[in-house]
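Quick notes on the structure that follows.
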Amino acid sequence: MTGTRSIRSSLLQARRFMEDVLPDLNLGLQNLLLHKLRSLLTMLGIIFGVAAVIAMLSIGAGARAQAMAFIEQLGVRNLIVEAKEVTSWDDLEKVRKNSPGLTLKDYRVIQASVSNVMESTPRKKFIPSKLIPKTQGEMPVVYGVNPSYLKIANLRVVTGRFFDESESEHAVPVAVLGEAARNALFGQDDPIGRYVKVNDTWLHIIGVVGPQISSGGSIEGVPSQDLNNLIYVPITSTMLRMEDNRSGMKDEIDGIYLQLKDANDSPFTAEVVRGVLNLSHHKTTDFSVLVPAELLSEQKRTQRVFNLVMVAIASISLLVGGIGIMNIMLANILERTREIGVRRALGARRRDVVRQFLVEAVLISFVGGILGVMLGVTMSKVIAILAGWSTVTSISAILLSFLFSVSIGLIFGLYPAMKAAKLDPVEAIRYE
């Protein structure tokens, strides 16, 4: 019984509130339509502020999604050792005084020292000086790896197959193409069974892998490279059959991939790997150890800070819009002083006057917020098309910016509304 009375009381209060607000809402709409240009100019700050917040968050969310997808593609259970290349003989001589560079011996020692490795492979990569058929774009990069790289890199073979252990052991001249390499060399033709000549070695094409996400250099510590423009070859074939025109300046191998049983072991295992390499390289910093799990956490923290900064910058426009609302509401009070006096004389309470002007201020920010959302969504799509960036417009970003705009109208409209309510009715009626 008590619950029923409480519900009835709540419904009655809601009904009274709507009866009080609806006339003010109707009056506010009439005032907005009466001064269309002035209302639009007042809304511009809110419109551009909301649009800027949505666009900034969309760009940030798109960049974050792309970076996260790339790091997850690297594998949160993986460790990657990258050799640091030198660009001159002088630098090479300095490094070689203390370090032999990254070698197969390093790979074997790491295998023996780390017990929680499921899959592993060394890597030897180079850019060919000659390629037949001629490529229609940039020269593909040759990746010499073991068959286990298929699982480590989570590659998806879309046509044909990947090379196996037997082919790798016997240095069979076979190749698997990345999507971009396949398109650049053979267009839309089926490359399976055909041959590609890398420098002076003919390779039999046995497979094509699906598209991968590339970092584009946006992630610190990760080399910028198109992971689709690759030719995968058994590492034994790369080292025994092919000649790298810069082999004298490069390490025996230039990368090591380790896939661990548990991602939680990544930090400890990374320290073990660094310790092993520091011993053989005599603490020469000619290598780096990438831990995708740590990169993922760092990228999330960085992106949160980036989003906060971008929203703070974009919110300045909303604050400017709020000042514009306050300014126009104060001007409205001067114009409608007699109206306020008449209302008070006819029995309107102060809270009725406060509500009237507060509803008008919120209405301006509400309509401006809707127009700003429409503009912001459009801007994010236009940016994605023109700049080629990945943008993601989320419901949370729209709601955040819209609620912020309405709050701005409420906050900046409160002072003018209270000032209007404090006017003396007699003096207000006499005002000219």
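The values are calculated or read from the model by the stated rules, or taken from the named source; none is laboratory data. A quick note: this is a predicted structure, and the numbers were derived from the prediction, not measured. No Cβ is skipped: glycine too gets one built from the backbone with ideal geometry, and neighbour counts run over all protein chains shown. The accessibility values were calculated without ligands, DNA or RNA, using every heavy atom of the protein model including side chains. Shrake-Rupley method; radii C 1.70, N 1.55, O 1.52, S 1.80 Å.
Scanning segment 99-120 for residues that are in contact (Cβ under 8 Å) with a residue 12 or more places away in the chain and part of a helix (DSSP H, G or I) turns up Leu104, Lys105, Asp106, Tyr107, Val109, Ile110, Ser113.
Given the conditions (1) of a type in the set (A, V, I, L, M); (2) touching a Leu at 6+ places or on another chain (Cβ under 9 Å); (3) closer than 19 Å to Leu227 by Cβ, report the number of the one that Val158 does not fulfil. For Val158, the failing item is (2). Is there a residue being open to solvent by 50 Å² or more (accessible area, probe 1.4 Å), without any contact (Cβ under 8 Å) to a residue 60 or more places away in the chain and among the acidic types (Asp, Glu) anywhere in segment 175-186? Yes: segment 175-186 contains one or more residues that are open to solvent by 50 Å² or more (accessible area, probe 1.4 Å), without any contact (Cβ under 8 Å) to a residue 60 or more places away in the chain and among the acidic types (Asp, Glu). For segment 211-221, indicate whether the set of residues that are open to solvent by 20 Å² or more (accessible area, probe 1.4 Å), modelled with pLDDT of 85 or more and in a loop (DSSP other than H, G, I, E, B) is non-empty. Yes: segment 211-221 contains one or more residues that are open to solvent by 20 Å² or more (accessible area, probe 1.4 Å), modelled with pLDDT of 85 or more and in a loop (DSSP other than H, G, I, E, B). What residue, of Leu346, Leu400, is open to solvent by 60 Å² or more (accessible area, probe 1.4 Å) and in contact (Cβ under 8 Å) with a residue 60 or more places away in the chain? That would be Leu400, the only listed residue that is open to solvent by 60 Å² or more (accessible area, probe 1.4 Å) and in contact (Cβ under 8 Å) with a residue 60 or more places away in the chain. With respect to Ser224, is the statement that it is under 26 Å from Leu104 (Cα atoms), open to solvent by 20 Å² or more (accessible area, probe 1.4 Å) and either at pLDDT 85 or above or within 34 Å of the chain's Cα centre (by Cα) (or both) true? For Ser224, the condition - under 26 Å from Leu104 (Cα atoms), open to solvent by 20 Å² or more (accessible area, probe 1.4 Å) and either at pLDDT 85 or above or within 34 Å of the chain's Cα centre (by Cα) (or both) - is met. Looking at segment 279-325, which of the residues that are at pLDDT 75 or above and hydroxyl-bearing (Ser, Thr, Tyr) is surrounded by the most Cβ atoms within 10 Å (Cβ to Cβ)? The selected residue is Thr284. Collect the residues in segment 380-395 that are touching a residue at least 60 places away in the same chain (Cβ under 8 Å), surrounded by fewer than 21 Cβ atoms within 10 Å (Cβ to Cβ) and assigned to a helix (DSSP H, G or I), keeping them in residue-number order. Within segment 380-395, Ile383, Ala384 qualify.
Of the residues Ser166, Ser129, only one is in a loop (DSSP other than H, G, I, E, B) and open to solvent by 50 Å² or more (accessible area, probe 1.4 Å); which? Ser129 is the lone residue from the list that is in a loop (DSSP other than H, G, I, E, B) and open to solvent by 50 Å² or more (accessible area, probe 1.4 Å).
With respect to the conditions (1) modelled with pLDDT of 90 or more; (2) touching a strand residue (DSSP E or B) at 6+ places or on another chain (Cβ under 6 Å); (3) buried (at least 21 other Cβ atoms within 10 Å of the Cβ), Pro234 falls short on a single one, namely (2). Within segment 359-378, is even one residue open to solvent by 40 Å² or more (accessible area, probe 1.4 Å), more than 17 Å from Ile47 (Cβ to Cβ) and of a type outside the set (A, V, I, L, M)? Among the residues of segment 359-378, not one is open to solvent by 40 Å² or more (accessible area, probe 1.4 Å), more than 17 Å from Ile47 (Cβ to Cβ) and of a type outside the set (A, V, I, L, M), which makes the answer no.
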